[in-house]
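Trainee: Questions regarding the structure given below will be posed in turn.
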Amino acid sequence: MKYYITTPLYYVNGNPHIGHSYTNIACDTLARFRRLEGDEVLFVTGTDEHGQKIKEAADAKGMTPRDFVDSVVPKFSELWKKLNITYDDFIRTTEPRHEKVVQAILEMFHKNGDLYEGEYSGWYCTPCESFWTKSQLVNENCPDCGRHVEQIKEKNFFFRLSKYQKWLLDYIEAHEDFILPVIRRNEILSFLKNPLNDLCVSRPKARLSWGIDMPFSKDHVTYVWFDALLNYIAACGYGADEAKFKKFWPADIHVIGKDILRMHAVNWPIMLHAAGLEMPKTIFAHGWWKIGGDKMSKSKGNVVDPLEMADKYGIDAYRFFLLKEVSFGADGSFSEEALVSRINSDLANDLGNLLHRTLSMIDKYFSGIVPERRDIGLADDITKAMAEKAGKIEHGIRSAMNKIDFSRALAVIWELINMANKFIEQKAPWKLSKAGKTDELKDMMYDLYEVLRIVSVALWPFMPSTAEEMTRQLGLSETKAELKYLSWSLARSGTKINKGNPLFPRIED
Ligand code: MSP
């Protein structure tokens, strides 16, 4: 099976913040999970580099737009490396491979009449790079961001969105998983009850030159949305590598934030349909991270830097927090207190403790060698329940991941971790040791070790370095990163463990 997954292309007029890192961590987790399943994954991220606000940001620094974007892009690619984001391709809208596709599609739409020239008069919001009609304005400001808009009148090219409105409505109604979660699907269905305006896709060069040349008009460029959305087909070989395109298109999932839903769930499907291409299988819009209920913004000075969080608390703790704290699709509230509390409870107390005390006991009682388990079936109720829970983990994770529910998938893993911790408390291995019940103690250590081995496989998509460190401490030489290794009873007695430092030391105040 192939699995093609995309992130939005990030604007390069500012530094990456937690919102951007959230989408990429989520996509990385999905991509890694699919690789565990054995799928051939194409995971694409990148940057959106044209348009007025990039030009303005470059002007403010006294740089050419080209030099400016070249200087910002590494901030994104380096952050992704640091956060262990295993993308397969990084596409920039200023690359020739992308620009060629944009021009080819423009040419096609111009020829078939889906693009026409007209006079445009409207209100323009630069931060959102969007035109609005007078009736759409709220208190004479942009209805999306509330900021100042300018009135503009000019000759431009328009894409016939309106012509395909009925088709889109029928398509969405017939495909339940096309827009997720369902609240976003309903939002688009209700938006489509009103007539769609055609989409202005050009800018006169006299006003903006930092875009892609329109092949049929020397006076215009195309820029931002019409430009950037096409990366999704450019990155998988459209017009350049037919075999690759055939293999990977349609995308399995476009993961985006809820603020850019309309562009993805209305404009993009219509562009694809007009180009005679298949629809992506799912467009999933996640929620927003806020800070104490407020939107993050430079002016409020509350923008959270992902690098700082990862340096301070660890990459995996940061990944874990974002994926566990809210169900994907809902909004979340970010705070260091909440992050620390998750680290102390779920990571230090539950997971770290289970690994550390199990390995300490194997060291103490069996000189660091995983003991043999008696072949007596599952002796008692807790042991039985633990093996049963472990047996269900593969199904539980798969069904949560198929619903793009990271928080649920992690909860499934934590049910097993918590059960194993309870098992230790209830059976008190130190008492077994004192009483000389060596066989029972061996069974118990084997079972705990087995839980940890399974957890190390299951955690890999979410917390890759932690999973690898667990694998190392468990003395497993090869990383068994495949879902089939989630089966119970695969641990080998006789394995020499390498107990290390606790994975997540508690953070005090
Ligand atoms: N360039 C466009 C996307 C083009 S895709 C063909 C764009 N870029 S962006 O940099 O402004 O935003 C990229 C993504 O980051 C969006 O999906 C947006 O929702 C997400 N986030 C920005 N701030 C966010 C939060 N505070 N929380 C969660 N995600 C948010 O839009």
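Trainee: Considering only residues of the range 209-232 that are within 16 Å of the ligand (Cβ to nearest atom) and part of a loop (DSSP other than H, G, I, E, B), which is nearest to the chain's Cα centre (by Cα)? Step through it out loud before you land on a result.
Mentor: Quick first cut of the range 209-232, residues within 16 Å of the ligand (Cβ to nearest atom) only: 210-212, 222-232.
Then drop every residue that is not part of a loop (DSSP other than H, G, I, E, B), which leaves 210-211, 223, 230.
Numbers: 210: 29, 211: 28, 223: 25, 230: 19 Å.
Ranking the qualifying residues of the range 209-232, first place goes to 230.
Trainee: Away from the ligand (no atom under 11 Å from the Cβ), under 24 Å from residue 76 (Cβ atoms) and open to solvent by less than 60 Å² (accessible area, probe 1.4 Å): is that true of residue 314 in this structure? Don't jump to the end; show me each part of the working.
Mentor: Values: away from the ligand (no atom under 11 Å from the Cβ): yes; under 24 Å from residue 76 (Cβ atoms): yes; open to solvent by less than 60 Å² (accessible area, probe 1.4 Å): yes.
Yes, satisfied.
Trainee: Six or more apart or on different chains, Cβ under 6 Å: which pairs go from a residue in the range 280-295 that's in contact (Cβ under 8 Å) with a residue 60 or more places away in the chain to one that's within 11 Å of the ligand (Cβ to nearest atom) and open to solvent by 40 Å² or more (accessible area, probe 1.4 Å)? Could you list them?
Mentor: Filtered contacts from the range 280-295: 285/258; 288/331.
Trainee: Would you say residue 339 is in a helix (DSSP H, G or I), touching a strand residue (DSSP E or B) at 6+ places or on another chain (Cβ under 9 Å) and within 16 Å of the ligand (Cβ to nearest atom)? Spell out how you get there, then give the answer.
Mentor: Details: in a helix (DSSP H, G or I): yes; touching a strand residue (DSSP E or B) at 6+ places or on another chain (Cβ under 9 Å): no; within 16 Å of the ligand (Cβ to nearest atom): yes.
Answer is no for this residue.
Trainee: Another one. All but one of (1) over 27 Å from residue 162 (Cα atoms); (2) modelled with pLDDT of 95 or more; (3) buried (at least 17 other Cβ atoms within 10 Å of the Cβ) hold for residue 296, so report the exception by its number.
Mentor: Condition (2) is where residue 296 drops out.
Trainee: Looking only at the range 1-48, filter to residues that are among the acidic types (Asp, Glu) and over 22 Å from residue 307 (Cα atoms); which one of those is farthest from the ligand (Cβ to nearest atom)? It would help to see each step written out before you state the result.
Mentor: Going through the range 1-48, the residues among the acidic types (Asp, Glu) turn out to be 28, 37, 39-40, 48.
From what is left, the residues that are over 22 Å from residue 307 (Cα atoms) are 37, 39-40.
Values: 37: 25, 39: 23, 40: 23 Å.
The qualifying residue farthest from the ligand (Cβ to nearest atom) is 37.
Trainee: Follow-up question, since we're still on this one. With respect to the numbered conditions (1) of a type outside the set (Ser, Thr, Tyr); (2) surrounded by fewer than 20 Cβ atoms within 10 Å (Cβ to Cβ); (3) touching a Leu at 6+ places or on another chain (Cβ under 6 Å), which one is the sole condition not fulfilled by residue 308?
Mentor: Here residue 308 clears every test but (3).
Trainee: Next question. What number of residues in the range 296-308 are without any contact (Cβ under 8 Å) to a residue 60 or more places away in the chain and either part of a loop (DSSP other than H, G, I, E, B) or basic (Lys, Arg) (or both)?
Mentor: Initial filter on the range 296-308 (without any contact (Cβ under 8 Å) to a residue 60 or more places away in the chain): 297, 299-302, 308.
This time we only want the ones that are either part of a loop (DSSP other than H, G, I, E, B) or basic (Lys, Arg) (or both), so: 297, 299-302.
Final tally of qualifying residues: 5.
Trainee: Right, something else. Any chance the range 272-293 includes a residue that's under 29 Å from residue 4 (Cα atoms), open to solvent by 40 Å² or more (accessible area, probe 1.4 Å), part of a helix (DSSP H, G or I) and modelled with pLDDT of 95 or more?
Mentor: yes
Trainee: Show me the strands (runs of 3 or more DSSP E) entirely contained within the range 33-131 in which 3 or more residues are surrounded by 19 or more Cβ atoms within 10 Å (Cβ to Cβ). Let's see the steps before the verdict.
Mentor: Details: elements: 40-48, 89-92, 115-125.
Ranges flagged: 40-48, 115-125.
The values are calculated or read from the model by the stated rules, or taken from the named source; none is laboratory data. Every value quoted in this text rests on a predicted model; they were computed, and no experiment measured them. Please note: Cβ atoms are built from the backbone with ideal geometry, for glycine as well, and neighbour counts cover all protein chains shown. Calculation scope for accessible area: heavy atoms of the full protein, side chains included, ligands and nucleic acids excluded. Shrake-Rupley method; radii C 1.70, N 1.55, O 1.52, S 1.80 Å.
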